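Right, one structure below, let's go through it.
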Amino acid sequence: MSETNSAEIRSFLLDLVAKLGPGVLAASRERGDLTSKTSFHDVVTVHDEATEVAIREAIFTRFPDSHVLGEESGWSTASGPSDGPGDDDLYWLVDPIDGTSNFAAGWDYWCISIAAVRSGELRASAVHQPRTSRTWSADDDGAYLDEPGQPTRVLQVDPTVEPQDGLCMTEYPSIRVARDDSSLLRWREAAAQFRSMRRTGSTALDLCFVADGSGIASFSTGTNSWDVAAGIHILQRAGAIYESYTDAVPTHPVWDGPEYIAAASHACLQVGRETMGL
């Protein structure tokens, strides 16, 4: 069977998140009990788990030879748990609800985030925000934003933007990645350079906001591949810069680095590097 191209995978993802969105939005009004994972800062709901199951089932129906890495269930194939994909396998990085703490509290900033990878390259992605019905997506040809009542927008960042020209979204410093007070001092220095700072609670949305120009930079620590993969693909296809690190060493593939800096321009990137102590 011939390999499915990136535009077809993106079309599949757009259909999938559009079908899932209304149900997850309805569930957000009846959020149910919370369960803590690593700490009370790190929560999960039954809806995270149910949404991940629905995503896996849809993927395995359309792409039965795939591997899926989900935040809630780890690696799996259509036949059960997996040790992970081979070099040429198609695989998917899935965050069923990115921003679960926001979701559980009734805040708007949460989303569904899915990325497809083949041969070590991001091939297609979608990030869907059910509260606003906005979907950011990407394939080999570009990055896009779909909004209700609007034509599909092709995304392209401004590579000349300066820090004072826009907003920076960051979860840095993370309470779950404790560091000494120097990180707070560097955060203050960054805040003085950007127009303003935002702490949205959804890394996937932060990256999409850089891609669509709502923000101009984002940096954080303690991220996982499912948090960032789709957002990375979208912002890179929009012409933005993404760097990732593990203990200050550049990481490959970039979605595996727990520390990242994303920026529309090199000037914004440099502020992020300085703030992260890189």
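Assorted remarks:
- Residue under evaluation residue 26, criteria (1) surrounded by 14 or more Cβ atoms within 10 Å (Cβ to Cβ); (2) at pLDDT below 95; (3) not in a loop (DSSP other than H, G, I, E, B), criterion not met: (1)
- Condition check for residue 157: β-branched (Val, Ile, Thr) and within 14 Å of residue 269 (Cα to Cα): yes
Here's the yes/no breakdown for (1) in the same structural domain as residue 25 (by TED's automatic domain parsing); (2) among the acidic types (Asp, Glu); (3) over 30 Å from residue 29 (Cα atoms):
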| site | (1), (2), (3) |
| --- | --- |
| 112 | yes, no, no |
| 115 | yes, no, no |
| 130 | yes, no, no |
| 150 | yes, no, no |
| 188 | no, no, yes |
| 192 | no, no, yes |
| 197 | no, no, no |
| 212 | no, yes, no |
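- Note on the range 195-215: residues that are part of a loop (DSSP other than H, G, I, E, B) and surrounded by 24 or more Cβ atoms within 10 Å (Cβ to Cβ) amount to 2.
- The range 98-111 residues that are under 15 Å from residue 71 (Cβ atoms), paired with ones that are of a type in the set (D, E, K, R) and part of a strand (DSSP E or B) (beta carbon under 6 Å, 6 or more apart): 111/98
- Taking the criterion of being closer than 26 Å to residue 164 by Cβ, surrounded by fewer than 21 Cβ atoms within 10 Å (Cβ to Cβ) and at pLDDT below 95, the only residue of the range 220-272 that qualifies is 221.
- Candidate set from the range 132-172 (those that are assigned to a loop (DSSP other than H, G, I, E, B) and modelled with pLDDT under 95); member that is surrounded by the most Cβ atoms within 10 Å (Cβ to Cβ): 172
- Qualifying residues in the range 92-131 (those that are part of a loop (DSSP other than H, G, I, E, B) and of a type outside the set (Ser, Thr, Tyr)) - the one farthest from the chain's Cα centre (by Cα): 106
Yes/no per residue for (1) at pLDDT 85 or above; (2) crowded, with 16+ Cβ neighbours inside 10 Å; (3) in a helix (DSSP H, G or I); (4) polar (S, T, N, Q):
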residue	(1), (2), (3), (4)
4	yes, yes, no, yes
7	yes, no, yes, no
12	yes, yes, yes, no
15	yes, no, yes, no
35	no, no, no, yes
38	no, no, no, yes
52	yes, yes, yes, no
59	yes, yes, yes, no
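The values are calculated or read from the model by the stated rules, or taken from the named source; none is laboratory data. Treat the numbers as computed from the prediction; the structure is a model and nothing was measured. So basically every Cβ, Gly included, is an ideal-geometry build from the backbone, and we count neighbours across all protein chains shown.
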